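Here the structure is laid out as structure tokens; the discussion comes afterwards.
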Amino acid sequence: MYNQLIKICPNTLEKVSFRSLTTFKIGGIARYVCYPSSVDELTNLVMFCKEQKIDTFVLGGGSNILADDTGFLGVVICTKRLNEIALLSPCRVRAQAGAMMSALAHFCKTHGLSGAENLCGIPGTIGGAIVMNAGAFGGEIAKIVESVTYFENGKVETKKKSQLFFDYRKSIFTNRPNCVILSVVLRLKKSTPEFVQENLLRFITQRQASQNVGMPSAGSIFKKVNHESAAVYIQNCGLKGAKLGDAMVSNEHAGFIINTGRATSKQVLSLIEKIKQEVKLKYGVELEVEIVVL
Ligand SMILES: Cc1cc2nc3c(=O)[nH]c(=O)nc-3n(C[C@H](O)[C@H](O)[C@H](O)COP(=O)(O)OP(=O)(O)OC[C@H]3O[C@@H](n4cnc5c(N)ncnc54)[C@H](O)[C@@H]3O)c2cc1C
């Protein structure tokens, strides 16, 4: 199988730990990880896996994922090499799915384009951001999306924003594992590099003040409830610092679970359950997990 995969995608690795593939640094072994460097390679790979009935998982930056300790026997398709960003017209940018949000922010700054500054500190790819409708500081990526091009059922399709049904931390791509986002067109506002840089600094400073957990994590574990951060409920239950093995509720940001060493997915999932139970008991509130459990 490895020989067949490298014929389609030369950048294929065997037996890679999810510890090195995710920001949580948790999880077992991924049997194969492919890094296609062209859309053709990616689509051929998806078609090959479909024909061979091999499970696939699309990975962006791995910043919103808790991978299981038992690993994944199929093919992980990582988009990170599909990372071109280009100016289409004075206010429109096309980014391939694997472009990092930080690279997008840098590109926008260089071209004096404003609108994505609040998203610059999200440690993932633009593809992952679309799936999750990532957001920060009151703004979501949906706000600047014009269209998304994706591959599904052997066809490349493009949909306009109005057809993507963005909502809080979801889009039509959420829970749609056989669909791969290829690229995104964003519409921004003409500004100056100086103005964009000023905004970037402001958002980075705010992020460092509120999220500087400094340990492996997957960001916020739970979605907001009634427009309130889940961290508020968790903190008020006295759960900051609560620990199960090496999985711990961050002392800096109660919405984050951090991996303090060799945490397992089992420990994280048990800690999630404990948090849910305590918040439900004290506030009658049902917390909903935001991260993707693989
Ligand atoms: C320190 C830290 C801070 C964070 N802060 C924020 C924040 O402020 N706001 C926020 O919203 N999130 C935040 N996150 C969570 C995370 O960074 C975002 O959800 C991000 O958008 C995920 O992107 P990714 O490329 O890492 O996706 P991944 O984690 O790799 O994948 C997430 C999901 O998207 C799917 N996916 C990824 N790429 C594609 C593609 N091309 N096609 C189809 N499916 C795909 C995956 O299969 C998976 O289901 C934070 C995480 C960390 C670790």
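Derivation of every value follows stated rules applied to the coordinates shown; laboratory data play no part. No experiment lies behind these values; they were computed from the predicted model shown. So basically every Cβ, Gly included, is an ideal-geometry build from the backbone, and we count neighbours across all protein chains shown.
Okay, here's what the table says:
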| read-out | value |
| --- | --- |
| Largest-first principal axis extents, alpha carbons of the stretch 1-83, Å | 30, 26, 17 |
| Alpha-carbon centroid distance for the pair the stretch 139-194 / the stretch 90-135, whole angstrom | 11 Å |
| Qualifying trypsin sites (Lys or Arg not before Pro) in the stretch 215-277, DSSP loop, other Cβ atoms within 10 Å at most 16 | Lys223, Lys240, Arg262 |
| Efficiency of FRET from Cβ geometry, Tyr168 and Lys243, R₀ 35 Å, rounded to 0.05 | 0.75 |
| The chain - mean residue ellipticity at 222 nm from DSSP helices (-39,500 (n - 2.57) per run, n ≥ 4, rounded to 500) | -8500 deg cm²/dmol |
| Those Cys residues of the chain for which no other cysteine Cβ falls under 4.7 Å | Cys49, Cys78, Cys91, Cys108, Cys120, Cys179, Cys237 |
| Alpha-carbon Debye profile of the chain, log10 I(q)/I(0) at 0.13 Å⁻¹ | -0.94 |
| Fraction of the pair-distance distribution of the stretch 131-268 above 24 Å, Cα-Cα pairs, percent | 49 percent |
| Alpha-carbon spread of the stretch 43-124, three principal axes, descending order, Å | 46, 28, 15 |
| Dimensions in Å of the stretch 167-238 - Rg and Dmax from alpha carbons | 17.1, 46 |
| D (Stokes-Einstein, µm²/s), Kirkwood Cα radius, the stretch 135-199, 1.567 mPa s at 4 °C | 96 µm²/s |
| Percent antiparallel among DSSP beta bridges (both partners in the chain, rounded to 5) | 80 percent |
| Rounded to whole Hz, the Karplus (6.51, -1.76, 1.60) HN-Hα couplings of the stretch 185-190, x for glycine and proline | 9, 10, 10, 10, 10, 5 |
| Extension gain from Lys15 to Ser38, taking 0.36 nm per residue of separation minus the Cα-Cα distance | 6.0 nm |
| Estimated inter-spin distance, Ala86 and Thr205, nm [label 7 Å along Cα→Cβ] | 3.8 nm |
| The stretch 208-230 versus the stretch 28-52: alpha-carbon centroid distance in Å | 32 Å |
| Exceeding the 32 Å Cα-Cα cut-off - candidates Lys170/Lys266; Lys15/Lys240; Lys15/Lys280 | Lys15/Lys240; Lys15/Lys280 |
| For the stretch 214-293, the fraction of alpha-carbon pairs in successive 5 Å shells from zero, as % | 3, 18, 31, 28, 15, 4, 1 |
